Structure formats: C-alpha cells, structure tokens
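Worksheet: the structure to be examined is printed underneath.
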Amino acid sequence: MTTPLFLLRCVQLGISLRDLDLLTIGTVNDMYAEMSNDDYDGYCEIATEAQMDAF
C-alpha cells in the first residue's frame with residue numbers, strides 16, 4: 001500500500017490526521033474493509049438446526 005492510497009482511505013473513512021495518532025495502519029485497513037460490508041443485508045439470516053448440523 002502506498003502513502004497516497006492510505007491517506008485516501010483515511011479521507012473516505014472520515015479520519016483526521018489527529019485521529020491517526022491513535023490508530024494503526026492495520027486498524028484503518030480493517031475499518032475500510034468493514035465499511036464495504038455495511039451494505040450487506042444477509043447478516044440478519046439465522047441458520048436452521050439442519051444447517052448447523054451440516055456445518
């Protein structure tokens with residue numbers, strides 16, 4: 001990852017330079033990955049007993 005890409009991700013997440021003192025690069029990457037999962041609606045599904053047994 002390049003510095004400009006990292007800073008772009010920070011801007012997309014709304015992280016200020018002051019906030020970067022408290023965060024690691026890994027935390028910012030995790031926050032960016034989770035931001036892309038925000039629109040997923042499949043998390044509300046609950047597995048049935050048969051699905052759990054098959055798992």
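All of the numbers you see were taken from the coordinates with simple rules; none came from a lab. Predicted model only: the values in this text are computed from it and were never measured.
Structure data summary
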read-out: Ellipsoid equivalent to the chain - semi-axes via the Cα gyration tensor, in Å; value: 35, 11, 10
read-out: Contour excess over end-to-end distance, with Cα ends at D21 and A47 and 0.36 nm allotted per residue; value: 5.3 nm
